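**Student:** Sharing a structure, written as structure tokens. Questions coming.
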Amino acid sequence: MKIALMDSGIGLLAATAVVRRLRPDADLVLSLDPDGMPWGPRTPDDLTRRALAVAEAAAARRPDALIVGCNTATVHALPALRARLEPGVPVIGTVPAIKPAAAGGGPVAIWATPATTGSPYQRGLITDFAGGVTVAEVPCWGLAEAVEHADEAAIDAAITAAAALTPDDVTTVVLGCTHYELVAERIRAAVQRPGAAPLALHGSAGAVAAQALRRLGEAARPGASATGALTVLLSGQEGTLPAAALHYAEGRLLPAPGPFADRH
């Protein structure tokens, strides 16, 4: 089995790590766009063109499924990606975990990029899945970029600023950008109020990985032999993981590109 994941940068690491844990025997193809990142400030048409190029580079490696490991790309490019690749390659998008977060009763804060915060897309998800729950939309200025570059000072500053915008009574935080899942515990520490019940965090990586296996009719096999290969594509060219990826546990879980068996 071969599963591809795509993003402009290392936000896809969260879902990649879950896929690797669930199926250590699966070959993985990570398709990034360092020449075009970040995608967030781009127009929807421009972003869609770049996403299609990144997806087609991954599809050339003949994966069984493609995970769009980026909230922004899912919002703007998912229909085009599915039109181009399905039914041959199932395409799984990443949606903020608003529905399971709201099921806890709230109040809920959705941490997202400034472009996504207040967008019709996010407001639609809130309307559809969080009716009757108090929801605060929190723009996280610069956080995705800071995580992408493993800039510790900038990560701390961005998390502190977003935490200051988060209401004190919030019991649940939705991580509405895949990059944020790489610093989830730092977000928890910043938002957790003294004496309050433990804060609930909801990311998308687990659900996305599980959905990919469902679309393929495959079961999780976490005990399988770690024989899966890793291929990294950088704007279509084979390469290695960006150095910043190794700053995070999810990146360190992955080996250097190539077959696992070659290093045993």
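The values are calculated or read from the model by the stated rules, or taken from the named source; none is laboratory data. Just so we're clear, the structure is a prediction, and the values are computed from it rather than from any experiment. We place every Cβ from the backbone using ideal geometry, glycine too, and count neighbours over all the protein chains shown. Side chains are part of the model used for accessible areas, which takes the heavy atoms of the whole protein and leaves out ligands, DNA and RNA. Shrake-Rupley method; radii C 1.70, N 1.55, O 1.52, S 1.80 Å.
**Student:** I need the full set of residues from segment 235-251 which are part of a loop (DSSP other than H, G, I, E, B) and either over 16 Å from residue 16 (Cβ atoms) or under 18 Å from the mean Cα position of the chain (by Cα) (or both), in order please.
**Tutor:** 235, 236, 241, 242, 248 - these are the residues of segment 235-251 that are part of a loop (DSSP other than H, G, I, E, B) and either over 16 Å from residue 16 (Cβ atoms) or under 18 Å from the mean Cα position of the chain (by Cα) (or both).
**Student:** Another question about this same structure. Pairs only if they're at least six apart or on different chains, beta carbon under 7 angstrom, first in segment 39-56 and closer than 23 Å to residue 239 by Cα, second open to solvent by less than 10 Å² (accessible area, probe 1.4 Å) and modelled with pLDDT under 85; list them, first residue then second.
**Tutor:** 47/39; 50/36; 50/39
**Student:** Now for a separate question. Just give me the residues in segment 205-259 being closer than 22 Å to residue 52 by Cα, among the hydroxyl-bearing types (Ser, Thr, Tyr) and buried (at least 18 other Cβ atoms within 10 Å of the Cβ), in sequence order.
**Tutor:** 231
**Student:** Which condition number does residue 66 fail, the rest of (1) surrounded by fewer than 24 Cβ atoms within 10 Å (Cβ to Cβ); (2) in contact with a helix residue (DSSP H, G or I) (Cβ under 7 Å, 6 or more places away or on another chain); (3) over 28 Å from residue 199 (Cα atoms); (4) in contact (Cβ under 8 Å) with a residue 40 or more places away in the chain being met?
**Tutor:** All conditions are met except number (1).
**Student:** Taking segment 189-204 on its own, how many of its residues are at negative phi, open to solvent by 20 Å² or more (accessible area, probe 1.4 Å) and not in a strand (DSSP E or B)? It would help to see each step written out before you state the result.
**Tutor:** Quick first cut of segment 189-204, residues at negative phi only: 189-194, 196-204.
Imposing the further condition that a residue be open to solvent by 20 Å² or more (accessible area, probe 1.4 Å) reduces the set to 189-190, 192-194, 196-198, 200-203.
Narrowing the set further to residues that are not in a strand (DSSP E or B) leaves 189-190, 192-194, 196-198, 203.
Summing the residues that are at negative phi, open to solvent by 20 Å² or more (accessible area, probe 1.4 Å) and not in a strand (DSSP E or B) in segment 189-204 gives 9.
**Student:** Could you list all residues from segment 154-188 that are small (Gly, Ala, Ser) and either open to solvent by less than 40 Å² (accessible area, probe 1.4 Å) or closer than 20 Å to residue 97 by Cβ (or both)? Break it down into steps so the answer makes sense when it comes.
**Tutor:** Our first condition is that a residue be small (Gly, Ala, Ser); within segment 154-188, this holds for 154, 157-158, 161-164, 176, 184.
Scanning segment 154-188 gives 154, 158, 162, 163, 176, 184.
**Student:** To continue, here is another question. Mind listing just one residue for me: the one in segment 94-113 that is in a loop (DSSP other than H, G, I, E, B) and either without any contact (Cβ under 8 Å) to a residue 60 or more places away in the chain or farther than 23 Å from residue 41 by Cβ (or both) and, of those, most open to solvent (accessible area, probe 1.4 Å)?
**Tutor:** Of everything passing the filter in segment 94-113, 104 is most open to solvent (accessible area, probe 1.4 Å).
**Student:** If you go through segment 26-36 one residue at a time, do you hit one that is within 25 Å of residue 145 (Cβ to Cβ), open to solvent by 10 Å² or more (accessible area, probe 1.4 Å) and either in contact (Cβ under 8 Å) with a residue 60 or more places away in the chain or more than 12 Å from the chain's Cα centre (by Cα) (or both)?
**Tutor:** Scanning segment 26-36, I find at least one residue that is within 25 Å of residue 145 (Cβ to Cβ), open to solvent by 10 Å² or more (accessible area, probe 1.4 Å) and either in contact (Cβ under 8 Å) with a residue 60 or more places away in the chain or more than 12 Å from the chain's Cα centre (by Cα) (or both), so the answer is yes.
**Student:** Looking only at segment 219-234, which residues are out of contact with any helix residue (DSSP H, G or I) (no Cβ under 8 Å at 6 or more places or on another chain) and in a loop (DSSP other than H, G, I, E, B)?
**Tutor:** Answer for segment 219-234, where residues must be out of contact with any helix residue (DSSP H, G or I) (no Cβ under 8 Å at 6 or more places or on another chain) and in a loop (DSSP other than H, G, I, E, B): 223, 224, 225.
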